[in-house]
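The values are calculated or read from the model by the stated rules, or taken from the named source; none is laboratory data. Because the structure is predicted, anything quoted here is derived from the model rather than measured. Using ideal geometry, Cβ is built from the backbone for each residue, glycine included, and neighbour counts are taken over all protein chains shown. Note: areas computed on protein heavy atoms with side chains; ligands, DNA, RNA excluded. Shrake-Rupley method; radii C 1.70, N 1.55, O 1.52, S 1.80 Å.
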2 protein chains.
Amino acid sequence: MQTRPWIQIAEDLRLRITSGEYAEGERLPSGSTLMGEYGVARQTIQNAVDQLRAEGLVSSIAGRGWFVSKRRPITRLARNRLSADERTAGRGAFLTDAAAADFTPTVTVRVWKEEAGEEVASYLDVPSGTQVLVRDRVMRADGDVVQLAASYLPADLVQGTQVEHVDTGPGGTYARLEEAGFALSHFTEFVSARSPRPAEAESLRIPHGHPVIQVTRVAFAADRPVEVNFISMASDRFQLVYQIDAR
Amino acid sequence: MQTRPWIQIAEDLRLRITSGEYAEGERLPSGSTLMGEYGVARQTIQNAVDQLRAEGLVSSIAGRGWFVSKRRPITRLARNRLSADERTAGRGAFLTDAAAADFTPTVTVRVWKEEAGEEVASYLDVPSGTQVLVRDRVMRADGDVVQLAASYLPADLVQGTQVEHVDTGPGGTYARLEEAGFALSHFTEFVSARSPRPAEAESLRIPHGHPVIQVTRVAFAADRPVEVNFISMASDRFQLVYQIDAR
DNA sequence: GAGTGGTCTAGACCACCCT
DNA sequence: GGGTGGTCTAGACCACTCT
């Protein structure tokens with residue numbers, strides 16, 4: 001086998017953590033101590049700890065030490081809440097989640113128009129370069145950024161509606177679309193994950209190496225796509241929940 | 001702001017790639033060249049490239065160089081295929097996907113019994129320590145490992161059925177469950193992402209730093225959980241697709 | 001054999017935290 | 001001030017690839 005030292009050290013430390021030798025919230029031995037214990041250089045220990053941090057087992061505080069991560073409560077986001085009932089209740093999806101998970105939500109919105117790039121155009125089934133309305137949103141929970149989202153809608157569809165404004169009114173964009181004659185039939189969500197760019201990681205307060213969940217949601221009105229929404233969120237804080245009928 | 005050098009270099013290289021200065025599949029300048037260009041040490045360049053690799057923009061071949069990643073075709077896994085129609089068609093989910101995505105599937109299965117740990121017990125709504133049947137599966141596409149899955153079922157539920165054997169027969173576990181009187185009502189899928197352990201990354205052939213999509217699927221028969229399935233797959237190869245009704 | 005990526009080492013500096 | 005994590009440097013070695 002002969003794995004590299006940093007991998008072996010990571011595996012050993014992982015074992016010591018999961019076996020309970022170091023309890024939740026407890027401090028790991030310092031870098032210098034571990035250098036001595038394993039007889040390796042500083043950087044090698046760092047690599048091992050970086051791995052455990054990416055896995056979510058360890059978090060670090062500069063100047064204090066490495067700590068066994070406390071299992072943070074994970075917010076479960078029920079995706080099937082996009083149903084008409086929830087929508088007409090007058091609250092957007094994020095605000096509904098906030099109520100369920102008990103945090104104070106803030107949403108910062110910027111709105112502008114641009115020409116659709118290739119990806120957006122393909123999701124919306126329009127030619128590249130078509131004018132689209134962009135709704136860029138930063139969602140905070142108790143002040144911390146937790147989700148980034150950018151919606152794209154064909155500009156002619158929402159011309160003169162409240163969707164063009166920062167505040168879309170009760171029920172949000174979807175409610176306004178329905179009023180404009182685009183009754184939503186279904187949503188398609190594409191779910192994946194990726195490593196965030198450093199700037200993104202910093203704004204979402206993601207530990208280095210931690211993945212981001214990437215959801216691309218397309219809203220359809222009578223089989224015509226009317227909105228595509230790109231959503232990013234930290235994978236250590238959120239879990240998506242989908243209900244699938246068996247029949 | 002004053003970001004660290006490796007972040008700035010990563011950002012610069014990302015720009016040079018996305019702007020098209022280096023085309024898809026093209027080789028980046030060598031480490032030594034970049035050390036000279038940016039006036040930094042080898043390790044700093046390495047850190048920058050590691051970041052781009054985690055983002056999926058760059059892949060590396062030891063002894064050859066760093067290359068701008070070719071956008072691999074992503075296999076979209078339609079989750080709503082868990083419906084009764086698909087199930088009675090006689091093929092498991094993975095084999096259906098294989099047919100759709102055009103690869104040759106292989107599944108290696110190991111089966112055993114053990115006592116349920118805390119997590120499994122809570123998903124199955126049984127006491128910790130209850131006997132469960134474990135079906136551990138390695139799924140390969142054209143020989144490459146692409147998915148790992150481990151199913152847990154209450155042992156008494158499947159006592160004496162074909163589910164206890166490696167080959168569950170046409171329609172798989174779900175078909176056998178229905179025959180045993182447990183008509184499936186719905187599935188709940190919890191979707192998240194995480195950084196793989198090094199060993200896991202190697203077996204799934206995941207570039208270092210690349211996330212794994214983690215799906216936990218619970219099958220219900222008349223509101224009683226009868227199976228929990230933990231599925232891992234590489235996020236650069238798969239995307240999950242969910243259809244959500246709007247009414 | 002020369003060039004490449006990947007890793008390890010030893011030493012240094014910084015920002016930060018806790019007396 | 002002494003300890004801590006995080007980063008950068010300069011130099012080394014290895015496995016690999018392409019002549």
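For the range B:57-66, the set of residues classified as part of a loop (DSSP other than H, G, I, E, B) and within 13 Å of DNA strand D (Cβ to nearest atom) consists of B:A62, B:G63, B:R64, listed by residue number.
Facing another protein chain (nearest Cβ under 9 Å) and over 22 Å from A:P196 (Cβ atoms): which single residue out of B:E179, B:E164, B:E189 fits that description? First the steps, then the outcome.
Details: B:E179 fails: facing another protein chain (nearest Cβ under 9 Å); B:E164 fails: facing another protein chain (nearest Cβ under 9 Å).
None of the others qualify; the one that does is B:E189.
Can you find even one residue in the range B:179-190 that is in contact with a strand residue (DSSP E or B) (Cβ under 7 Å, 6 or more places away or on another chain), surrounded by fewer than 21 Cβ atoms within 10 Å (Cβ to Cβ) and aliphatic (A, V, I, L, M)?
Taking the range B:179-190 first, the residues in contact with a strand residue (DSSP E or B) (Cβ under 7 Å, 6 or more places away or on another chain) are B:182-190.
Narrowing the set further to residues that are surrounded by fewer than 21 Cβ atoms within 10 Å (Cβ to Cβ) leaves B:182-183, B:185-186, B:188, B:190.
From the residues that got through so far, the ones that are aliphatic (A, V, I, L, M) too are B:183.
Taking every residue of the range B:179-190 in turn, at least one turns out to be in contact with a strand residue (DSSP E or B) (Cβ under 7 Å, 6 or more places away or on another chain), surrounded by fewer than 21 Cβ atoms within 10 Å (Cβ to Cβ) and aliphatic (A, V, I, L, M).
Against the condition surrounded by 20 or more Cβ atoms within 10 Å (Cβ to Cβ) and over 14 Å from the mean Cα position of the chain (by Cα), how does B:V132 come out, does it pass? The answer is yes for B:V132. Residue count for the range B:125-166 satisfying the condition of being touching a Lys or Arg at 6+ places or on another chain (Cβ under 9 Å) and not acidic (D, E): 23. If you go through the range B:104-123 and keep only what is closer than 18 Å to B:F220 by Cβ, part of a helix (DSSP H, G or I) and either open to solvent by 30 Å² or more (accessible area, probe 1.4 Å) or in contact with a Ser or Thr (Cβ under 8 Å, 6 or more places away or on another chain) (or both), you end up with B:E119, B:A121, B:S122, B:Y123.
For the condition touching a helix residue (DSSP H, G or I) at 6+ places or on another chain (Cβ under 6 Å) and either away from DNA strand D (no atom under 13 Å from the Cβ) or free of Cβ contacts under 8 Å to residues at least 60 places away in the same chain (or both), A:T44 qualifies. Scanning the range B:195-235 for residues that are facing chain A (nearest Cβ under 9 Å), of a type in the set (S, T, N, Q) and open to solvent by less than 20 Å² (accessible area, probe 1.4 Å) yields B:S195, B:T216, B:S235.
Check the range A:33-41 and report whether any residue there is touching a His at 6+ places or on another chain (Cβ under 8 Å), more than 12 Å from DNA strand C (Cβ to nearest atom) and either open to solvent by less than 60 Å² (accessible area, probe 1.4 Å) or not assigned by TED's automatic domain parsing to the domain that holds A:R237 (or both). Even if it seems obvious, please write down each step before you answer.
So in the range A:33-41, the residues touching a His at 6+ places or on another chain (Cβ under 8 Å) come out as none.
No, that holds for no residue.
Here A:I17 meets each of (1) under 26 Å from A:P211 (Cβ atoms); (2) within 16 Å of DNA strand C (Cβ to nearest atom); (3) more than 12 Å from every other protein chain (Cβ to nearest Cβ) with one exception, condition (2). Residues in the range A:62-77 that are open to solvent by 30 Å² or more (accessible area, probe 1.4 Å) and more than 25 Å from A:F103 (Cβ to Cβ): A:A62, A:G63, A:R64, A:W66.
Of the candidates A:A98, A:A89, the single residue that is open to solvent by less than 30 Å² (accessible area, probe 1.4 Å), more than 16 Å from DNA strand C (Cβ to nearest atom) and either modelled with pLDDT of 95 or more or not charged (D, E, K, R) (or both) is A:A98.
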